[in-house]
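**Student:** Quick one: structure below, then a few questions.
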Amino acid sequence: MQSSFPKTLPIKSRCTEPFRVRIGLPIVLIILGVAAYSNSFRGAFILDDEESILGNPYIVRLWPMNWMSAMPKSTVAGRPVASLSLALNYAVSGYSVWSYHLFNIVIHILAGLTLFGIVRRTLTCERLRERFGRHSAVLAWVAATIWVVHPIQTQSVTYIIQRTESLMGLFYLLTLYSAIRAMQCGKYLLWPAVSIVCCGLGMGTKEVMVTAPVLVLLYDRTFFAGSFNAALRRRLGLYAGLAGTWVILAALLWSGPRQEQSSGFTIGASLSYAANQGVVILHYLRLVFWPKGLCLDYRWPTVKDWGKLALPVLAVFCMLAVTVWGIIRNKSWSYPAAWFFGVLAVTSSFVPVADLVFEHRMYLPLASLAVFVVLAGFVLLERWSARKLEVILAAAVIVALGLTTFERNGDYRNAESIWRTVLDVTPGNPRAHNCLGSVLRAQGRVDEAISCFRQALRLKPDYASAYNNLGIALQAVGDSNEAVICIQRSLQIDPDYADGYYNLGKMFQLLGKLDDAAENYRRAIQLNLGLIKAYNNLGIVLSEQGKADEAVKLFHQVLSIDPDYAEAHFNLGSVFQLQGNISEAENCYRRVLQINPKFAPAAESLRILSGNKK
């Protein structure tokens, strides 16, 4: 068997298509990708964006490297490469969304180009060249373009914080592409090194990267080496390096910053969760072939009726069994199937994660389906000699998917729009009602917000966040006593809810109960060391209690995390002013105006101090 798998692929005859075709096709892919996402640049910060970007003080400086840390339980906690990307965006545009969306689109298109390279080189390998080599570039382009413009990808591209998925996907694909180059040019060390570096970066981006070394080895065995032993013998250094990147992931997981059940890396297994994944995987497949009813947040309920689960589980089990059989027999078609199940294994197997369904989990698995369908269609239509039909079908599919993606991006134009689309799909989703209420409250539509929060609590009576948000809204309409009761109820449900303690502290501060306010702020800080607004408010309380020295220390702590926190500079200046330290107070007010020239209280305080000197 090994004789049919040469150590390296001859440089000549890899692809018979003209050079201009192999260069022109990627350019067209870029144009179509940009067109599909051209209306996404003004999409709002939503859901986890607020905590991981707007409320994340660790991304406001590239140096010192605060971005190595993150808000506990946030999407970028334990994912320093993703956090660094956010810090780069902040350095470019602050909290203006355009650079974040531009970065996401660039990541996605680069991933599409990498997929194009992987598929083209695979189709020109010794094993597949005779059948597909003559059309390798066109077939690779169709598959990669479908993958790029497919609307199911919008959650990984247009929803900003889900760049954790797309950026990891880029590193995953680059790892494989570089490994393929290493397989083709065995005597060079550059490509193995690039593959290992990309794999390490992926491990620092998202935990799904854990399967990359295994799928690279399986690729080598399937298309180049012919057996696992041959692959390991010829490229032991490459696989040792790829396996070594697991140490990076282990170290990040050991630090424990991720919320429980967030990434498929918790202790224990759930047969119920695995059984429900049969329904989930079939739902993913339905969205691939008919992407209608896309939803940001399904809040998919767990089905406990095994009678309803039997057929989906059987269907997925049969697909998996055929895949395993193909791998054992070393069938070339088994690799896309192995890729599909291998990438999904982290989030769609026995190990439970927080939510059963999220569309961004299909970011990489979609690549295998696109390749499989394109090649199967090519083989089928080739037998019918229907070359014109191939072109028409490919063009129609790409245009239809691209237009659907463009339309879907419109749902992300603002937070209210996206949550209303979620409720259209899942009207019984308590988180959607809660999030929509938060959006309406921020718009000043407090009565509508209160109605949303109460609906969320009717659907989920033990919803701590909804009680907390209802309390804030009730405070806004002057019902302070009921507001305090609601937030206290949120803390009874979740005693480790840092935001609840912070908001309860604000309530007590407004009521003049400074001791109670200080106690709750301290508790919030204990639970979330990055909650700088709690430090800031505690500093104000201490200042009002006459504890100026303690207040100064707290404001300095805030500014050590976020040096551009204008309010903390102003509050520090106010304390210095009360202490009679006028020069330090003036410096603080000037710093506030450097950060935010429209900060009127700082300008007024500086004017008064300057007038007093005269």
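**Student:** Which of the numbered conditions does V288 fail, given that it passes all the others? Conditions: (1) under 30 Å from D411 (Cβ atoms); (2) part of a helix (DSSP H, G or I); (3) of a type outside the set (S, T, N, Q); (4) in contact with a Ser or Thr (Cβ under 7 Å, 6 or more places away or on another chain).
**Tutor:** (4)
**Student:** Could you please tell me which pairs satisfy a Cβ distance under 6 Å, a separation of 6+ or placement on different chains, a first residue in region 55-68 that is assigned to a loop (DSSP other than H, G, I, E, B), and a second residue that is surrounded by 13 or more Cβ atoms within 10 Å (Cβ to Cβ)?
**Tutor:** N56/M71; V60/Y90; V60/D562; V60/D564; L62/A87; L62/A91
**Student:** Quick check on this structure: which one of A456, A476 is within 23 Å of K506 (Cβ to Cβ) and touching a Pro at 6+ places or on another chain (Cβ under 8 Å)?
**Tutor:** Every option except A456 fails the conditions.
**Student:** Moving to a separate point now. Give the residue, chosen from V208, V197, that is at pLDDT 95 or above and either acidic (D, E) or part of a helix (DSSP H, G or I) (or both).
**Tutor:** Details: V208 fails: at pLDDT 95 or above.
Just a single option satisfies the conditions, and that option is V197.
**Student:** For region 495-517, how many residues meet the condition of being surrounded by fewer than 21 Cβ atoms within 10 Å (Cβ to Cβ) and of a type in the set (A, V, I, L, M)?
**Tutor:** Looking only at that region, the number is 3.
**Student:** If I filter region 227-238 for residues that are surrounded by fewer than 23 Cβ atoms within 10 Å (Cβ to Cβ), outside any helix (DSSP H, G or I) and in contact with a Lys or Arg (Cβ under 7 Å, 6 or more places away or on another chain), do I get at least one hit?
**Tutor:** Yes; the residues of region 227-238 include at least one that is surrounded by fewer than 23 Cβ atoms within 10 Å (Cβ to Cβ), outside any helix (DSSP H, G or I) and in contact with a Lys or Arg (Cβ under 7 Å, 6 or more places away or on another chain).
**Student:** Here is a list: Q577, Q594, Q526. Which entry is closer than 25 Å to Y497 by Cβ and either outside any helix (DSSP H, G or I) or out of contact with any Lys or Arg (no Cβ under 9 Å at 6 or more places or on another chain) (or both)?
**Tutor:** When all the criteria are applied, what remains is Q526.
**Student:** Could you list, in sequence order, the residues of region 42-95 that are polar (S, T, N, Q) and modelled with pLDDT under 85?
**Tutor:** N66, S69, S74
**Student:** May I ask you to verify whether R79 is charged (D, E, K, R), more than 13 Å from the chain's Cα centre (by Cα) and over 16 Å from N528 (Cα atoms)?
**Tutor:** Criteria not met by R79.
**Student:** For region 529-562, what are the residues that are outside any helix (DSSP H, G or I), of a type in the set (D, E, K, R) and more than 28 Å from the chain's Cα centre (by Cα)? Step through it out loud before you land on a result.
**Tutor:** We begin by selecting, within region 529-562, every residue outside any helix (DSSP H, G or I); these are 529-531, 545-547, 562.
Going one step further and asking which of them are of a type in the set (D, E, K, R), we end up with 547, 562.
Residue satisfying the conditions is K547 alone.
**Student:** Going through region 458-473 one residue at a time, which ones are more than 16 Å from L423 (Cβ to Cβ) and surrounded by fewer than 20 Cβ atoms within 10 Å (Cβ to Cβ)?
**Tutor:** Residues satisfying the conditions are P461, D462.
**Student:** Going through A70, A35, A111, A91 one at a time, which residue ends up being more than 20 Å from M362 (Cα to Cα), buried (at least 22 other Cβ atoms within 10 Å of the Cβ) and among the aliphatic types (A, V, I, L, M)?
**Tutor:** A70
**Student:** When residues of region 361-395 are filtered for being among the small types (G, A, S) and within 29 Å of Y298 (Cβ to Cβ), how many remain?
**Tutor:** Qualifying residue count for the region: 3.
**Student:** Any residue in region 541-559 that's more than 15 Å from F576 (Cβ to Cβ) and among the polar types (S, T, N, Q): show its pairings with residues that are at pLDDT 90 or above and surrounded by fewer than 20 Cβ atoms within 10 Å (Cβ to Cβ) at Cβ separation under 8 Å, as long as the two are six or more apart or on different chains.
**Tutor:** Listed by first residue and then by second, the contacts come to Q545/L514.
Residues checked against (1) over 27 Å from R163 (Cβ atoms); (2) in a loop (DSSP other than H, G, I, E, B):
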site: I281; (1), (2): no, no
site: P301; (1), (2): yes, yes
site: T323; (1), (2): yes, no
site: F341; (1), (2): no, no
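**Student:** Now for a different question. Quick check on I398: is it touching a Phe, Trp or Tyr at 6+ places or on another chain (Cβ under 7 Å) and under 30 Å from L29 (Cα atoms)?
**Tutor:** no
**Student:** Test M209 against the stated conditions and say whether it is closer than 17 Å to L170 by Cα, of a type outside the set (D, E) and in contact with a Ser or Thr (Cβ under 7 Å, 6 or more places away or on another chain).
**Tutor:** Considered against the rule, which asks whether it is closer than 17 Å to L170 by Cα, of a type outside the set (D, E) and in contact with a Ser or Thr (Cβ under 7 Å, 6 or more places away or on another chain), M209 comes out as no.
**Student:** Name the residues in region 404-447 that are aliphatic (A, V, I, L, M) and touching a residue at least 40 places away in the same chain (Cβ under 8 Å), would you?
**Tutor:** The answer is A415, I418, V422, V425, A432.
**Student:** Moving on. Please specify each residue of region 387-406 satisfying the condition of being modelled with pLDDT of 95 or more and not small (G, A, S).
**Tutor:** Correct list: V397, I398, V399, L401, L403, T404, T405, F406.
**Student:** Okay, moving on. Can you pull out every residue in region 474-493 that is surrounded by fewer than 18 Cβ atoms within 10 Å (Cβ to Cβ) and in contact with an Asp or Glu (Cβ under 9 Å, 6 or more places away or on another chain)?
**Tutor:** V477, I493
The values are calculated or read from the model by the stated rules, or taken from the named source; none is laboratory data. Just so we're clear, the structure is a prediction, and the values are computed from it rather than from any experiment. So basically every Cβ, Gly included, is an ideal-geometry build from the backbone, and we count neighbours across all protein chains shown.
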